[in-house]
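The values are calculated or read from the model by the stated rules, or taken from the named source; none is laboratory data. Since we're looking at a predicted model, the values are computed, not measured. With ideal geometry, Cβ positions are generated from the backbone for all residues, glycine too; neighbour counts draw on all protein chains shown. Protein only, heavy atoms only, side chains kept; ligands, DNA and RNA dropped before computing areas. Shrake-Rupley method; radii C 1.70, N 1.55, O 1.52, S 1.80 Å.
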Amino acid sequence: MDGPVGAASDAGPPAYYRGNESSLVSALKTLLFFTFLMVTLPIGLYFATKAYLFEGSMKMSSSDSYFYAAIVAVLAVHVVLALFVYVAWNEGTTPKDKGKHD
């Protein structure tokens, strides 16, 4: 009763998984990179543009600079999301594959 089950579990990962391990690691790295960007870029741009661009260079009031810095942060979120979708869509394709049409 234990023979076939034990033999199958000692064989390692299933065949469909073995070839995808590097692509799984690549996808995880991409996800972590864009997660880091999604957290740091909008927050960093918000405070940087508020302090240095809008209040510093343009001499805006504090309430106006909050508003415009928030717009910059929202635009940064959209750019990061668009880049993530683009990279995720093209992940796993080689330059040769891009010219082919099915």
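In order along the stretch 72-80, phi translates into HN-Hα couplings of 4, 5, 5, 5, 5, 4, 5, 5, 4 Hz, rounded to whole numbers, per the Karplus curve 6.51 cos²θ - 1.76 cosθ + 1.60 with θ = phi - 60° and x for Gly and Pro. The H on the amide N of Met60, modeled in the peptide plane, is under 5 Å from the matching H of Glu55, each at least 5 residues off or on a different chain. A simple packing score, the average count of other Cβ atoms within 10 Å per residue, orders the peptides 61-67, 47-53 as 47-53, 61-67, with the highest score first. Considering only protein heavy atoms and a 1.4 Å probe, what is the carbon-and-sulfur percentage of the accessible area of the stretch 16-84? Carbon with sulfur: 75 percent of the solvent-accessible area.
For the stretch 19-102, the solvent-accessible area works out to 76 Å² per residue, with a probe of 1.4 Å and every protein chain left in place.
For the stretch 36-41, backbone phi angles converted through the Karplus equation (6.51, -1.76, 1.60; θ = phi - 60°) give residue-by-residue couplings of 4, 4, 5, 7, 7, 5 Hz, Gly and Pro being listed as x.
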